[in-house]
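Below: one structure, written as structure tokens.
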Amino acid sequence: MLPTKTIHRRTLLKAGLALSLVPSLGWAQSQAPIKVGSITPLTGGGASYGGRMRDAIAAVVASVNEAGGLAGRQVVLVSEDDQTNPEAGVRSARKLIDVDQVAAIMGVWASSVTTAIAPLCWESKTMLLCTSGSNSITLLPHQGYVVRTEPGSDLWADKIAGFAAAEGAKKPAYLGVQTPFAEPMSKRIAELGKKNGLEPFTVIYEAEKNSYRSEVNQVMDAGSDFIYLAGYSPDTIVVLRDLYRAGFKGKLLSQNYTLDTTLLEALPAEVTESVFAIGAVTPEDSPGFASAKALLKTDQIDPYVAQAFDHANLVMLALGASTTRNGEGIRDNLRAISQGDGQVVGSAVEGLKLLAEGKKVNYDGASGELIFNDIGDITSFTARIDVIKNKQYQPYKTM
């Protein structure tokens, strides 16, 4: 027989007092902070943008907390660096999902990183918002847990092929690093080129090489007169130098995130002279853009900062419209707060006040019109073309 344990009256009183001081589980959960995460490239090929993207997300979260939080609950942002590398991205996502238990992950930049972490997100019902362009991302079976504010490969290819044709190209080439973005993008550009009577050529290379002279020679031997450079800044620095040394005389176009300050500082002016840069136009007359300038205290809002700003506002508003305050709630309410018939707002703080009053809102983003189709893609955008003159961007055209 087990010994009988005597419980004294004083012990019972202490236990009762302790229990009276412990809140109910429901009350504790209702007061607990809501956690969200960001994964941005603070190092690696996307480092020129990652820090500013993280800071834009943090500024939105701070503004919501200063205004009282989400239904009285504070929001905690946990930020991670993916190093512009899929393996590092997976480690970051695993921590955010398993340890921090975030409702959403925002700011993911590189297509390779998004492709790697997307399955982790939809399996855990964590909302993922990215700025990645590869078409394959939103074709994954993500069950609505992935949206992107960046134009997909087909939308970019339409603009690039159209610009090449308008510039009189006869034999355009795609010269880019191996990424999930590369194959669908190059194929789409080739298809569009052939429809316009052009003779497209494609070379896809591996990253982190000291020279791309053999790839440059392939493009030049094909007689290419227009080259779209589809790489990141580190490899494009090498490619541009090799093209200049090889005496290429045609036209060059690359994304404006590739032709960044690091690249311009690394190369002599004559190497980058007359190179064209393409990027998405940020609508400076939108309420979201005005809010971004005011909150971030700058007039220089690049497309990726604008998208990260939008990610945070979309997540805050979707959480505010949801009763569950989790990834599933974000997924189920994200379109209702961004493309419905509600009152137009340019910030989460403004929108959350209206939601608390039982009103509908329509967030008008800093990066453009945030109308997502069934698989999570935006459906249109305006591209801006600049030309580099003496290491400075000069406006060229919009399309």
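Filter segment 376-396 down to residues that are open to solvent by 60 Å² or more (accessible area, probe 1.4 Å) and within 19 Å of the chain's Cα centre (by Cα) and give me whichever is nearest to Ser254 (Cα to Cα).
We begin by selecting, within segment 376-396, every residue open to solvent by 60 Å² or more (accessible area, probe 1.4 Å); these are 379-380, 382, 384, 389-396.
In the following step, the residues that additionally are within 19 Å of the chain's Cα centre (by Cα) were identified as 379-380, 382, 384.
On the way: Thr379: 22, Ser380: 20, Thr382: 16, Arg384: 12 Å.
For segment 376-396, the residue satisfying everything is Arg384.
Could you give me the residue pairs with C-beta distances under 8 Å whose first residue belongs to segment 239-267 and is open to solvent by 30 Å² or more (accessible area, probe 1.4 Å), whose second residue is assigned to a helix (DSSP H, G or I) and of a type in the set (D, E, K, R) wherever it lies, and which are 6+ apart or on separate chains?
Tyr244/Glu270; Arg245/Arg213
Kindly list, by first and then second residue, each pair from a residue in segment 268-297 that is closer than 17 Å to Val345 by Cα to a residue that is in a strand (DSSP E or B) and open to solvent by less than 30 Å² (accessible area, probe 1.4 Å), limited to pairs with Cβ atoms under 9 Å and residues at least 6 apart or on different chains.
Qualifying pairs under 9 Å: Pro287/Val345; Pro287/Tyr363; Gly288/Val345; Gly288/Tyr363; Ser291/Val345.
Can you tell which of Glu369, Glu350, Glu357 is among the acidic types (Asp, Glu) and loosely packed, with under 13 Cβ neighbours inside 10 Å?
None of the other options fit; the residue is Glu357.
Of the residues in segment 203-228, how many are assigned to a strand (DSSP E or B) and in contact with a Lys or Arg (Cβ under 8 Å, 6 or more places away or on another chain)?
If we filter segment 203-228 for residues that are assigned to a strand (DSSP E or B), which is where we start, we get 203-205, 226-228.
With in contact with a Lys or Arg (Cβ under 8 Å, 6 or more places away or on another chain) added as a condition, the list becomes 226-227.
Final tally of qualifying residues: 2.
In segment 39-71, which residue that is of a type in the set (Ser, Thr, Tyr) and not in a helix (DSSP H, G or I) is least open to solvent (accessible area, probe 1.4 Å)? Can you show your working first?
So the first thing to find is which residues in segment 39-71 are of a type in the set (Ser, Thr, Tyr), and the list is 40, 43, 48-49, 63.
Pick out the ones that are also not in a helix (DSSP H, G or I) and you get 40, 43.
Details: Thr40: 1, Thr43: 63 Å².
The qualifying residue least open to solvent (accessible area, probe 1.4 Å) is Thr40.
Those residues that are at pLDDT below 95 and not in a loop (DSSP other than H, G, I, E, B), I need them from segment 267-297; list them, please.
Selection gives Gly279, Ala280.
Yes or no, residue by residue, for (1) outside any strand (DSSP E or B); (2) acidic (Asp, Glu); (3) in contact (Cβ under 8 Å) with a residue 24 or more places away in the chain; (4) buried (at least 24 other Cβ atoms within 10 Å of the Cβ):
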{"position": "Val78", "(1), (2), (3), (4)": "no, no, yes, no"}
{"position": "Thr115", "(1), (2), (3), (4)": "yes, no, yes, no"}
{"position": "Leu120", "(1), (2), (3), (4)": "yes, no, yes, no"}
{"position": "Leu128", "(1), (2), (3), (4)": "no, no, yes, yes"}
{"position": "Ile137", "(1), (2), (3), (4)": "yes, no, yes, yes"}
{"position": "Gly162", "(1), (2), (3), (4)": "yes, no, yes, no"}
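Quick one: count up the residues across segment 229-238 that are in a helix (DSSP H, G or I) and open to solvent by less than 30 Å² (accessible area, probe 1.4 Å). Steps first, answer last, please.
Keep residues of segment 229-238 that are in a helix (DSSP H, G or I), which gives 233-238.
After this cut, where a residue has to be open to solvent by less than 30 Å² (accessible area, probe 1.4 Å) as well, the list is 233, 235-238.
So the answer is 5.
Residues Leu317, Leu264: which one is within 30 Å of Gly223 (Cβ to Cβ) and assigned to a helix (DSSP H, G or I)? If you could, list the steps in order and put the result at the bottom.
Details: Leu317 fails: within 30 Å of Gly223 (Cβ to Cβ).
Going through Leu317, Leu264 in turn, just one is within 30 Å of Gly223 (Cβ to Cβ) and assigned to a helix (DSSP H, G or I): Leu264.
The values are calculated or read from the model by the stated rules, or taken from the named source; none is laboratory data. On a predicted model such as this, the values are computed, not experimentally measured, just so you know. Every residue, glycine among them, receives a Cβ derived from its backbone with ideal geometry; neighbour counts consider all protein chains shown. Note: areas computed on protein heavy atoms with side chains; ligands, DNA, RNA excluded. Shrake-Rupley method; radii C 1.70, N 1.55, O 1.52, S 1.80 Å.
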